Amino acid sequence: MSKPHAMSPSHEVANAIWRPYCQMKTAPDPLEIVSAQDFHLQTADGRQLIDGMASWWSVCHGYAHPHVIEAVTKQLERLPHVMFGGITHEPAERLASRIVAMLPAELKHVFFADSGSVAVEAAMKMAMGYWRRRGRPERCRFLSFDNAYHGDTTGAMSLCDPERSMHASYGNAILSQIHAPLPTHPGNEETLREILDRHHHEIAGIFLEPLVQGAGGMRFHDAATVRQIRLLCDEYEVLMITDEIATGFGRTGSMFAIDTCQIVPDIICLGKALTAGTMTMAVTVATSEVFNAFWSDSADDAFMHGPTFMANPLACAAANASMDLFESEPQVQRAREMDPKLLAGLESSRQIPGVVDVRSRGAIGVVQVEALTELETLRRQFIDAGVWLRPFGDCIYVTPPLNLPDALIEQMCSAIVDVMSAREFSSPELTISG
Ligand code: PMP
């Protein structure tokens, strides 16, 4: 039994916060940010950094947008929160109808979640519940793709690439799903087809990040691939679930990636930029076909899920204000137009030893290298050059606010190329010892 008042070692005292995605023992101190305005983060030591990440893809209109602040402030005074069980409120009602109006007509029913991962969990439960209520309870597994990333909760973890993802170390302690290579172009879907032939009877749905696989390596595929997967879902009668938590709200140059692909999934998950980077909220939106499976006179058929902070009025107010901005400003067009600008700005990094690819899609720019070593030094160098970035895996990438002005796009890209030019990114040569 541990002693309740035992002295803690000094590192335990110093590390009251257990930080995300880092080895606490070796990670350098995090950067302290005191405020943010428009496109810049203000550091505690007096620097201003262009935020190349838009706070993990979420700050789509820039920081402290007056329209969003006003909406949230008014809501804070009126009703900051109320439980959603048995209660409703205008911000949620309005938001749900606006989300439905933005999506293809078939997607009609909005379930509010409190984070992207929870929206993915809700989608999994909807899909499994759908098949149970249709008398096919054995359809309870999911197919997802190599390099997929769908979140950090345990259900979502099971959908991530089992070998290459950051969750690989959990091995078979998490749910076992079915994983397939993503067909890179129409006509080369044989492996996927073989896997579906073998497993379709037990598959509830296929999860896909359409057009861009994010945390799995910032990999792009084309609309034809997504359409092909939709056709296979129809052929094998499995649900198609698109995870647009990262790609939604203009990021790829259309409001949603499914718009570019011209497909309608059975369920879609949205998050991140939904609240313009102010508060945590996500949604899982289903077709009537899925919704109606739960529609019955029996309480047992209900969808049993309800996070404490679901449909939080402050988050709904922020999301409604963000929708206003999408309606009144050409944010999606700006994202589309940013694509060639990012490519042009990053293009000269191709000459740097070890750079294997430079690519862009909408407001996403990527420089892929053979090997990223001394990552913390690199991050520090980007800070010294005036930009905030989080390179990972083999990618240095940007996902800035959609309305980042041209001058700042150029400044950000030049800073990246300058910092990279002073280094090499080649894989260390293999040495055989003994
Ligand atoms: N799916 C995708 C594609 C994501 O990029 C993320 C965000 N990391 C998630 C799901 C999980 O969202 P959250 O971090 O809000 O739980």
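The values are calculated or read from the model by the stated rules, or taken from the named source; none is laboratory data. Treat the numbers as computed from the prediction; the structure is a model and nothing was measured. Here the Cβ is made from the backbone with ideal geometry for all residues, glycine too, and neighbour counts use every protein chain on show. When the accessible area is computed, the model is the full protein with side chains, heavy atoms only, and any ligands, DNA or RNA have been set aside. Shrake-Rupley method; radii C 1.70, N 1.55, O 1.52, S 1.80 Å.
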*asked:* Probe radius 1.4 Å, ligands and nucleic acids ignored: give me the carbon and sulfur share of the accessible area of the chain as a rounded percent.
replied: 54 percent
*In whole angstrom, and with the biggest value first, how far do the Cα coordinates of the range 61-149 range along each principal axis?*
49, 36, 25
_Sequence-separation-based contact order of the range 87-230, relative, with Cα cut under 8 Å and 6+ spacing, percent_ = 22 percent
*Okay, helix-only estimate at 222 nm for the chain: each DSSP H run of n ≥ 4 adds -39500 (n - 2.57), divide by all residues, round to 500 deg cm²/dmol; what do you get?*
-10500 deg cm²/dmol
*Given a cut-off of under 8 Å on Cα pairs at least six residues apart, what relative contact order in percent is computed for the chain?*
21 percent
*Run down the lysines and flag those whose C-alpha is under 25 Å from the C-alpha of Lys74, throwing out any fewer than 8 positions away in its chain.*
Lys272
*Mean-position separation - Cα centroids, the range 75-152 and the range 180-247, in angstrom*: 20 Å
*What net charge do the residues around Thr247 carry, taking every other residue with its C-beta under 13 Å from that of Thr247, with Lys and Arg at +1 and Asp and Glu at -1?*
0
*asked:* Using only the alpha-carbon atoms of the range 178-287 as identical scatterers, what base-10 log of I(q)/I(0) does the Debye formula give at q = 0.23 Å⁻¹?
replied: -1.35
_GNM result for the chain, Cα springs below 10 Å: residue of Leu375, Leu404, Leu346 fluctuating most strongly_ = Leu375
_Straight-line reach only, C-alpha to C-alpha below 14 angstrom: list the aspartates and glutamates that Lys25 could link to, leaving out same-chain residues fewer than 8 apart._
Glu12, Glu376
_Checking the cross-link filter: which aspartates and glutamates have an alpha carbon closer than 12 Å to that of Lys341, excluding same-chain neighbours under 8 positions apart?_
Asp406, Glu410
*Of the options Ser176, Met255, Leu192, report the single residue whose Cα projects farthest towards the positive end of the charge dipole of the chain (beta-carbon charges: Lys, Arg +1; Asp, Glu -1).*
Ser176
*Fully extended, how many nm does the chain gain between Glu163 and Ile33 (0.36 nm per residue separation, minus their Cα-Cα distance)?*
43.4 nm
*Radius, Kirkwood style, for the range 96-203 when every pair of distinct Cα atoms is counted (Å)*: 15.5 Å
*Probe 1.4 Å, protein heavy atoms only - accessible area per residue of the chain in square angstrom*: 47 Å²
*For the chain, just the Cα set please: Rg and Dmax, both in angstrom.*
22.4, 73
*Put a dot 7 Å past each Cα toward the Cβ at Ile17 and Glu190; how far apart are the dots in nm?*
5.2 nm
*asked:* Given a 1.4 Å probe and heavy atoms of the protein chains only, how would you sort Lys125, Lys25, largest accessible area at the top?
replied: Lys25, Lys125
